[in-house]
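The values are calculated or read from the model by the stated rules, or taken from the named source; none is laboratory data. This one's a predicted model, so the numbers in the text were calculated from it and none came from an experiment. Cβ placement follows ideal geometry from the backbone for every residue including glycine, while neighbour counts extend to all protein chains displayed. The accessibility values were calculated without ligands, DNA or RNA, using every heavy atom of the protein model including side chains. Shrake-Rupley method; radii C 1.70, N 1.55, O 1.52, S 1.80 Å.
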Amino acid sequence: MAEITIVGLGPGDFGLISLETLTVLQTQPRLVLRTAKHPAVDGLVSRGINFESYDHFYEQHSSFDKVYAAIAEDCVSRAGREGKIIYAVPGSPLVAERTVALIRDLATAAGITVRILPGMSFLDILFARLGVDPVNGLTVVDAADITKLPPALNTALVVTQVYNRQVASDAKLSLMEYYSDDYRITVAHNLGLDAEEVRTIPLFELDRLPLIDHLTTLYLPGRTLQQPDSSLDPLTKVMAKLRSPGGCLWDLEQTHSSLRRYFVEEVYEVLEAIELADADKLCEELGDVLLQVVFHARIAEECGDFGLKDVVNVVTEKLIRRHPHVFGDISVQDAAEVIVNWDKIKSGEKCGERPGVLDGVPQNLPSLMRAFKLQLKAAKVGFDWNNVEQVWDKLLEELDELKQAVVAGEKPAMEGELGDVLFSIVNLARFFDIEPETALTVTNNKFIRRFAYIEDWVKNHNVDWKKLTIEQLDVLWNEAKGSETNKISNF
């Protein structure tokens, strides 16, 4: 049966190879090394252990990803042809060794057994030299994958595969996105060898060192991040990555127009979280709304229109300008006077932009919300009922007209009169200082919860819906009402 045994050559000279690995190397006929550029290889040669290496693959391919993929494919192919092979890697097979993961996946698909022997890792020597205990948190990353690190990384960081000065230069630039230019880092070279060298330098000097080669490792101590300063930087960096070449194809295709429906959906999910008095859900949904803001700002920035900083500046200046009683020398008696001043200042800001009284109410608002805003604007210039009794009378009048249209069977008239009834109900809500869109949302969600109660009852009792009378359903509905409890909270 085909089998690949994967072993580690340890982090230094031949003496760091485990006894189990040495036994396998001496008894198995076919040995392939990922690279022969390793201090332990001289020990293999002196003991007459024959091997091949994949060093020529590094010359044949343009990137490490392609090299690793080619090695994995060849290794699995050899095992399929020859039966059993030994594949040896520097250090430990299971620490920062990408080819091992690729081989395991390909071998599984090909029905080939993979056996991995434990080996000593370069991390063991690094921890000893630096006096570091990884239990306090450690992230290990290939130099090529630094940009994939989370923005708020606060663990210690070990960077492997710093093969040459060009890789070191690229790694330095990537790390400067996370750390300050003068952040103190440790560069370890030739760990476990007689020529071992460990230096601590500022980050910006990394690619100036003469000792950069395939035996170079970087260590960056964990940093203390300032807890939550509500900075948007992590989110903006993620969005920039998603919208950059090589980012997410879906995100790259989006425009202001294509995102409209998602913005509306997220706002309604915020309203649902508030209605459910669910703080965790509210936190999540507010984040989704914030994502939409950052998304649109990013698109605008790419078009040269404005950026997120402009968005923040505009709303900050607006708040300061419209609160002269806080940031200026204006005095107010109560909240009502605050609103009067707000409207006066707002009117002055929009002078010339909105010549009509009803201008400024978006056409795409939900109809109940739009009716509410239209009525508020009309009321501000005196076009309003004197008291709520007149609103009740108007509602009854519209209901009578709707009944007449129904009797006449005129569908267009019925639609128009029903609209008048709804408009009058919105007026009534306004007089009671109730936002009708919110009120209807609350009722919709209440209906869903109560109906779900009945639906669960029907399923649990294995009853056919059609056999339940309206009286029985009404009893279940009342049970659902009785089972609801109101949360006492800040919502």
From the Cα centre of the stretch 101-115 to that of the stretch 313-350, the distance in Å is 68 Å
State, to one decimal in nm, how far the label point of Val135 lies from the label point of Glu59, with both points 7 Å from Cα in the Cβ direction.
4.9 nm
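Residue separation times 0.36 nm, minus the C-alpha to C-alpha distance between Leu376 and Ala152: what's the value?
Value of the extension gain: 76.1 nm.
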Report, in listed order, any pair from Lys380/Lys403; Lys346/Lys377; Lys66/Lys148; Lys66/Lys172 with a Cα-Cα distance greater than 21 Å.
Lys380/Lys403; Lys66/Lys172
Calculate how steeply helix 411-431 sits against the longest principal axis of the alpha-carbon atoms of the chain, using the helix alpha-carbon long axis, and give the answer as 0 to 90 degrees to the nearest 10.
80 degrees
For the stretch 338-438, what relative contact order do you get, as a whole percent, if you take Cα pairs closer than 8 Å and at least 6 residues apart?
29 percent
Using protein chains only and a probe of 1.4 angstrom, how many square angstrom of Cys248 are accessible, to the nearest 10?
40 Å²
For the stretch 295-406: accessible area per residue (Å², 1.4 Å)
69 Å²
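At 37 °C and a viscosity of 0.692 mPa s, what translational diffusion coefficient does Stokes-Einstein give for the stretch 387-484, taking Rh as the Kirkwood radius over Cα pairs? Give it in µm²/s as a whole number.
Details: Rh = 16.4 Å.
Rounded, D is 201 µm²/s.
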Distance in nm between label sites at Ala408 and Arg261, each 7 Å beyond Cα in the beta-carbon direction?
3.8 nm
Kindly express, to the nearest 10 degrees and within the range 0 to 90, the angle between helix 388-408's C-alpha long axis and the longest C-alpha principal axis of the chain.
90 degrees
Full-extension gain in nm, Glu471 to Cys248, via 0.36 nm per residue minus C-alpha separation
74.8 nm
A chain fully extended from Thr224 to Ser169 at 0.36 nm per residue, minus the present Cα-Cα distance, gains in nm 17.3 nm
Pseudo-spin-label distance Thr438 to Val326, built 7 Å along Cα→Cβ, given in nm, is 1.9 nm
Which of the chymotrypsin sites (Phe, Trp or Tyr not before Pro) across the stretch 306-350 are loop residues per DSSP, with 16 or fewer other Cβ within 10 Å?
Phe306
Summed residue charge, Cβ within 9 Å of Ala188's Cβ, Lys/Arg positive, Asp/Glu negative:
0
Any chance you could give the angle, 0 to 90 degrees and rounded to 10, that helix 335-349 forms with the longest Cα principal axis of the chain?
80 degrees
D for the chain, whole µm²/s, Stokes-Einstein with Kirkwood Rh over alpha-carbon pairs at 4 °C and 1.567 mPa s: what number?
43 µm²/s
